[in-house]
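Accompanying notes for the structure given below.
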Amino acid sequence: MANSRFETLLQKFVRDTISPAELHELVDLMSAAGSGEQLDNFLASAYTDRSLAVHEDFDGEKVREKILARLQFGEQQSGPAPADKPKITRLRWLAAACLAGLLGLAAWFWTLQKNTGVEGIDPRLEVVVPSPQTNKAILTLADGSDVYLDSVNNGQLAIQGRVKLLKLANGRIAYEYSNDTADIEHTGQVGMNTLSNPRGSEVIEMKLPDSTRVWLNVGSSISYPVAFTHKERTVMLKGEAYFEVAPDKTKPFRVKITENTEIAVLGTHFNVNAYEDEPALTATLLEGAIQFKKDSKKQLLQPGQQGQLGKDGTIRIVPDADIQAVMAWKRGFFHFYKTDLQTIMRQMERWYDVTVEFQGKVTDTRFSGEISKTHDASEVLRILEASGAHFKIEGKKIIVLPE
């Protein structure tokens, strides 16, 4: 391998002999054009370089598969998270996280092979808790009957008044008017449906009767009328969902969280996180405009901003929200930026449908990086362990061990 400065610093990083000044230099080089190819070449050589691969049975191809699967986990620190950083700093962090994730994962595998043998299975984490393999959403119709979407074929599921309910080939559900809605508007008889996506299920996409598209995260539910016949289009949300609202200036769209809390829009793209176990309710705007309302308090959001409603009822505006992190769930990833372990565990509880028990003092390490949700829980925990946390799996329970 050519002994360029870039590769020299990479070797020092892997061997954990890099100085703070050299680490800053390496991050700068990572941000430069062409660094990706050099990094790839370094990793390809590292798999057969005995000075780096510390076990002769080291499975380099397995590491490569993990890397290509974007199991990236990077920067960590103790203490409280700092205030939001400018975009240029975030870009530098992404470069650093990519570097630390790729090399850190490889180093973790090498250490694991050395300490536990070729298979690298830690007895504490040998229980397999797989990622969701299917969608388990339940649709409750206006008459109170339930439709389990994983057990019905594609096609028409029901007719409610003049509205057809369909399950499409890609797993989405959609509503279509089978005739003019004048009859519904005349009688005023509009039933309500509820789509519930339980923990341990895949994300589900749906198209509402007005053509608004909704992606519903796990542990969430949304209630809505079969047809929007009134002056407003109102839905009720529990949990998390991403909306792409069909424009209709004559009928404002509203997402109600509680009786006194809602997001009002006309036509826009936004994400709402309203899980009850989270410290704040958040609404993040990607495009358009929305109004965050709590009792008499109102806040207008612009694209890129996030509104946060605290438990004390105060609304805080984040001017430069981390859209990448907010939308990671829809892309199929865990994405963290200086995130505490409790927050990570709440996400894992919902995705893997497990319970989490904390024993003793919890590490104050904060984690940054991105991990594919296609991997089982034990794989995710192993990566977190490489950054200082410790776990044990018992059945469907994850136990967070003391430091």
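For this structure, a couple of remarks:
- Pairs from 167/238; 12/338; 136/238 whose Cα-Cα separation, in the structure shown, is over 21 Å: 167/238; 12/338
- Looking at region 307-403 alone, DSSP beta bridges between its own residues are antiparallel in about 75 percent of cases.
- Nonlocal amide H pairs with residue 158, under 5 Å, H built at 1.01 Å: 165
- Residues of region 336-380 with amide N under 14 Å of the 7 Å Cα→Cβ point at residue 396: 349-356
- Computed on region 138-325, with alpha-carbon pairs under 8 angstrom and 6+ residues apart, the relative contact order is 11 percent.
- Normalised size of region 284-403, defined as Cα radius of gyration per 2.2 N^0.38 Å with N residues, equals 1.25.
- Peptide ranges 337-346, 261-270, 164-173 listed from the most packed, as the mean C-beta count within 10 angstrom indicates: 261-270, 337-346, 164-173
- Computed from backbone phi, the HN-Hα couplings of region 226-235 come to 5, 9, 8, 9, 9, 6, 10, 9, 10, 10 Hz, rounded to whole numbers (Karplus: 6.51 cos²θ - 1.76 cosθ + 1.60, θ = phi - 60°; Gly and Pro given as x).
- Local charge for residue 352 was computed over the other residues whose Cβ lies under 10 Å away, with Lys and Arg +1 and Asp and Glu -1, and equals +1.
- Translational diffusion coefficient (Stokes-Einstein; Kirkwood radius from C-alpha pairs) of region 138-325 at 25 °C, 0.890 mPa s, in µm²/s: 143
- By average C-beta atoms within 10 angstrom, highest first, the peptides 143-153, 284-294, 128-138: 284-294, 128-138, 143-153
- Amide H within-cut-off set for residue 202, under 5 Å, with H built and near neighbours excluded: 134, 135, 136
- A simple rule links phi to the HN-Hα coupling: the Karplus curve 6.51 cos²θ - 1.76 cosθ + 1.60 with θ = phi - 60°, which for region 123-137 gives x, 5, 10, 7, 5, 8, 10, x, 6, x, 9, 8, 8, 10, 4 Hz, with x for Gly and Pro.
- Calculated from backbone phi, Karplus (6.51, -1.76, 1.60) coupling profile of region 353-363 in Hz, x at Gly/Pro: 6, 10, 9, 10, 10, 9, 10, x, 6, 8, 4
- Radius 12 Å from Cβ of residue 223, net charge of other residues (Lys, Arg +1; Asp, Glu -1): +2
- In nm, spacing of pseudo-spin labels at residue 361 and residue 300 (7 Å Cα→C-beta vector): 5.0
Computed from the coordinates by the stated procedures, all read-outs in this text should not be read as laboratory data. The model shown is predicted, which means the values in this text are computed figures rather than measured ones. Neighbour counts run over all protein chains shown; Cβ positions are idealised from the backbone, glycine included.
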